[in-house]
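The values are calculated or read from the model by the stated rules, or taken from the named source; none is laboratory data. Since we're looking at a predicted model, the values are computed, not measured. Here the Cβ positions follow ideal geometry from the backbone for every residue, glycine too, while neighbour counts run over all protein chains shown.
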Amino acid sequence: YMVDKGNYRHFMEKEIYEQPEVVSHTLANYLDFANSKVKEFSLPFDFAKLDRLYVSACGTAYLAGLVGKYWIERYARLPVDIDIASEFRYRELPITKNSAALFISQSGETADTLASLRYCRSEGLPIGAIVNVRESTIARESDAVFPTLAGPEIGVASTKAFTCQLSVLAALAVRAAVARGTVDAAQEAQLVRELSEAPGLAHQVLKLASQIERLARDLSQYKHVLYLGRDTNFPLAMEGALKLKEISYIHAEGYAAGELKHGPIALIDEKMPVIVIAPHDRIFEKTVSNMQEVAARGGKIILITDAKGAAESTVDTLATIVVPDVPEIISPIIYALPIQLLAYYTAVFIGTDVDQPRNLAKSVTVE
Ligand code: G6P
């Protein structure tokens, strides 16, 4: 398979820009947009009969799984256990009856994820896997494969595979909700219509690139960055921090905004910018008070929000990135793009090897 960078400077940049298209392909694999329904793709278990779903993965795929937990629990009322695969495989958890396992892996070859899969196999659980590489070991050893149609991902830092993993997880959450009767046909149609807006909105967000590039010049001057978010933006805060540390080598932490008081607030000063991911949702006000706590300690805030959030946040920010209004279910897919762009341009300013960052591997096939 020949892959080149085309007119892009790095594979990572190309892969960020491919997202409207690959997210669209991936969603269309699972959702019937013409009839506003989730498709009847084959499942290795019956969602209606499950009492628990075990999800495990590593790195960015793990953070996709964490978003998936919020979605599946919220929409389908199905309890989800999410683990980092290297923890799952050794922590001797009691496996409950009527449960199933779901693994998420771009490469399908990550050693800890594969070992977790084999552990669940030995426990007799039905196994599904969200993978990007169809011919991979994890795909082969699963009872059902839910492919991400991201195409080959070359940049070591995962971007398009992440948003495609989110797309599959959102579709699975809707499928689970329908099966479990926690959404009716009208709500299903509404969710599917909302998901259909993701590619167009992702395309719009990419137009913020030049603003984000200017901001990245400032960000590249710092040694430490804190990301905050609540709800599905909590995993995104961790993903933003992960992307930044992976490719720019700036020390970054992602925290649930509500945890600010329980530790990271001690670090806040003018040398540690705080990037807050906060669309104007039902808990926006809570995040505003976290921003006030940061501002009161001289912290500099970069706020990623929508127009309403920008209008209603009462704090001074170093910069505000205004993302289009998005339906709740696609918010993590859309907000992933500005954090990827911010990490990308920051690394470009610092001059690191963006596609091949030091010490990292695209696929970690040894423990
Ligand atoms: C490595 C890569 C990450 C990736 C993780 C899991 O750390 O650098 O980008 O998220 O492995 O890889 P997988 O192929 O299982 O998704």
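Please specify each residue of segment 84-96 satisfying the condition of being more than 15 Å from the ligand (Cβ to nearest atom) and not hydrophobic (A, V, I, L, M, F, W, C).
If we filter segment 84-96 for residues that are more than 15 Å from the ligand (Cβ to nearest atom), which is where we start, we get 90-96.
Tyr90, Arg91, Glu92, Pro94, Thr96, listed by residue number.
Give the number of residues within segment 353-367 that are among the aliphatic types (A, V, I, L, M) and within 10 Å of the ligand (Cβ to nearest atom). First the steps, then the outcome.
Step one: of segment 353-367, the residues among the aliphatic types (A, V, I, L, M) are 354, 360-361, 364, 366.
Cutting the leftovers down to within 10 Å of the ligand (Cβ to nearest atom) gives us 360-361, 364.
The total comes to 3.
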Members of segment 148-168 that are outside any helix (DSSP H, G or I) and away from the ligand (no atom under 13 Å from the Cβ) = Leu149, Gly151
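Restricting to segment 88-112, count the residues that are of a type in the set (Phe, Trp, Tyr) and touching a residue at least 40 places away in the same chain (Cβ under 8 Å). So that I can check it myself, show each step before the final result.
Quick first cut of segment 88-112, residues of a type in the set (Phe, Trp, Tyr) only: 88, 90, 103.
Subset that is touching a residue at least 40 places away in the same chain (Cβ under 8 Å): 103.
So the count comes out to 1.
Within segment 88-109, which residues are among the charged types (D, E, K, R) and either under 22 Å from Val131 (Cβ atoms) or touching a strand residue (DSSP E or B) at 6+ places or on another chain (Cβ under 8 Å) (or both)?
So in segment 88-109, the residues among the charged types (D, E, K, R) come out as 89, 91-92, 97, 109.
Hits for segment 88-109 are Arg89, Arg91, Glu109.
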Residue satisfying condition, being modelled with pLDDT of 95 or more, hydrophobic (A, V, I, L, M, F, W, C) and under 24 Å from Ile334 (Cβ atoms), within set Val288, Val315, Val225 = Val225
Could we say that Ala216 is in a helix (DSSP H, G or I) and within 24 Å of the chain's Cα centre (by Cα) here?
-> yes
Selection count where residues are out of contact with any His (no Cβ under 6 Å at 6 or more places or on another chain) and either farther than 17 Å from Met291 by Cβ or outside any helix (DSSP H, G or I) (or both), scope segment 249-265 = 8
Look through segment 124-137, keep the residues that are touching a residue at least 40 places away in the same chain (Cβ under 8 Å) and more than 16 Å from the ligand (Cβ to nearest atom), and return whichever of them is surrounded by the most Cβ atoms within 10 Å (Cβ to Cβ).
-> Leu125
Within segment 97-106, is even one residue within 16 Å of the ligand (Cβ to nearest atom) and under 21 Å from Val183 (Cα atoms)?
-> no
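Hey, could you check segment 241-281 for residues that are out of contact with any helix residue (DSSP H, G or I) (no Cβ under 8 Å at 6 or more places or on another chain), of a type outside the set (D, E, K, R) and surrounded by fewer than 23 Cβ atoms within 10 Å (Cβ to Cβ) and say which is nearest to Leu337 (Cα to Cα)? Explain how you work it out, then say what you get.
Within segment 241-281, the first condition is being out of contact with any helix residue (DSSP H, G or I) (no Cβ under 8 Å at 6 or more places or on another chain), and the residues that meet it are 241, 245, 259, 262-264, 266-267, 269-272.
Filter again for of a type outside the set (D, E, K, R), leaving 241, 262-264, 266-267, 272.
So of that shortlist, the ones also surrounded by fewer than 23 Cβ atoms within 10 Å (Cβ to Cβ) come out as 262-264, 266-267, 272.
Numbers: His262: 29, Gly263: 28, Pro264: 25, Ala266: 29, Leu267: 27, Met272: 22 Å.
Top of the filtered list is Met272.
Just to be sure, is Ala177 touching a strand residue (DSSP E or B) at 6+ places or on another chain (Cβ under 7 Å) and either buried (at least 24 other Cβ atoms within 10 Å of the Cβ) or in contact (Cβ under 8 Å) with a residue 24 or more places away in the chain (or both)? I'd like the intermediate steps shown before the answer.
Details: touching a strand residue (DSSP E or B) at 6+ places or on another chain (Cβ under 7 Å): no; either buried (at least 24 other Cβ atoms within 10 Å of the Cβ) or in contact (Cβ under 8 Å) with a residue 24 or more places away in the chain (or both): yes.
When the stated conditions are applied, Ala177 does not pass them.
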If you check Leu267, Leu236, which single one turns out to be closer than 21 Å to Tyr345 by Cβ, in contact (Cβ under 8 Å) with a residue 40 or more places away in the chain and not β-branched (Val, Ile, Thr)?
-> Leu236
If Ala241 passes every condition in (1) touching a residue at least 24 places away in the same chain (Cβ under 8 Å); (2) in a helix (DSSP H, G or I); (3) not polar (S, T, N, Q) but one, which one does it miss?
-> (1)
When segment 50-98 is checked residue by residue, the ones that are in contact with a Phe, Trp or Tyr (Cβ under 6 Å, 6 or more places away or on another chain) and over 24 Å from Leu360 (Cα atoms) are Asp81
Restricting to segment 55-83, what's the tally of residues that are within 16 Å of the ligand (Cβ to nearest atom) and either touching a residue at least 60 places away in the same chain (Cβ under 8 Å) or under 11 Å from the mean Cα position of the chain (by Cα) (or both)?
-> 12
Identify the single condition in (1) under 26 Å from Val366 (Cβ atoms); (2) buried (at least 21 other Cβ atoms within 10 Å of the Cβ); (3) within 15 Å of the ligand (Cβ to nearest atom) that Arg140 does not satisfy, given that it satisfies every other one.
-> (2)
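Working only within segment 33-49, note down all residues that are closer than 19 Å to Ser142 by Cα and free of Cβ contacts under 8 Å to residues at least 60 places away in the same chain. Give the derivation first.
Within segment 33-49, the first condition is being closer than 19 Å to Ser142 by Cα, and the residues that meet it are 40-47.
Once the filter is applied, which keeps residues that are closer than 19 Å to Ser142 by Cα and free of Cβ contacts under 8 Å to residues at least 60 places away in the same chain, segment 33-49 yields only Glu40.
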From Val192, Val174, Val178, Val205, which residue is touching a Ser or Thr at 6+ places or on another chain (Cβ under 7 Å) and assigned to a helix (DSSP H, G or I)?
-> Val192
Within segment 190-211, identify whether any single residue is within 24 Å of Tyr70 (Cβ to Cβ), among the aliphatic types (A, V, I, L, M) and within 16 Å of the ligand (Cβ to nearest atom), and answer yes or no.
-> no
